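Read-outs: derived from the displayed coordinates by stated rules, not from any lab. What you are looking at is a predicted structure, and each value in this text was computed from that prediction instead of being measured. Cβ placement follows ideal geometry from the backbone for every residue including glycine, while neighbour counts extend to all protein chains displayed.
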Amino acid sequence: MSGLVRRDGHEAPGLGTGLLRVAAVLFVGYLVVVLGAGWWPLVEAGPLTDDPRDPLRVWVDRTVARGRILDSRGTVVAGNATRDDGTRVRRYRFPAMAPITGYHGALLGSAGLERTYDLQLSGMDGLTAGGGALRKLRDDPYRPVDVVVSVDARFQQVAARLLGDRRGAVVAIEPATGRILALVST
């Protein structure tokens, strides 16, 4: 026996063996920390960005101009405006289009096309694993896109006016293509 002997008669591990064990435990500990720190920004970036309570989403909603919603003729149905304090809000030009466009705001959330195409309108579409971290390094990290609908705002207003306060619905469809030109219900 060349090493130290314990009271029970077994040889105690050498200094090199003890250091190797400590190094292995430290390596595993650092590996767990690195994997844990990398998991959220790389693997879970997409689902986290979809959450409306995500701080990045809140910041984007307040500061980045959303894409516009256009009718079939290119008329802006939903656009952006800036308040005096610098925060951005949505402006809707045609109340008759509200059931289609929906709404988007900090207090009420979103509905309609504003919710369906939220990632595209906010410019956060296509977020991949690691994309959120790399996106921040670009000159223009958020590229909102416009959404064009087949509904014509003029037809929508006429249909809403004709329907008035009566209960019912009006649907105008282009027979050749199946494109919906107006969609009103009360």
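The label-point distance for residue 7 and residue 75, in a model that sets each label 7 Å from Cα toward Cβ, rounds to 9.4 nm.
Mind ordering 172-178, 90-96 by average Cβ neighbours within 10 Å, highest first? Write down the numbers at each step before the final one.
Values: 172-178: 10.0, 90-96: 16.0.
Packing proxy ranking, top to bottom: 90-96, 172-178.
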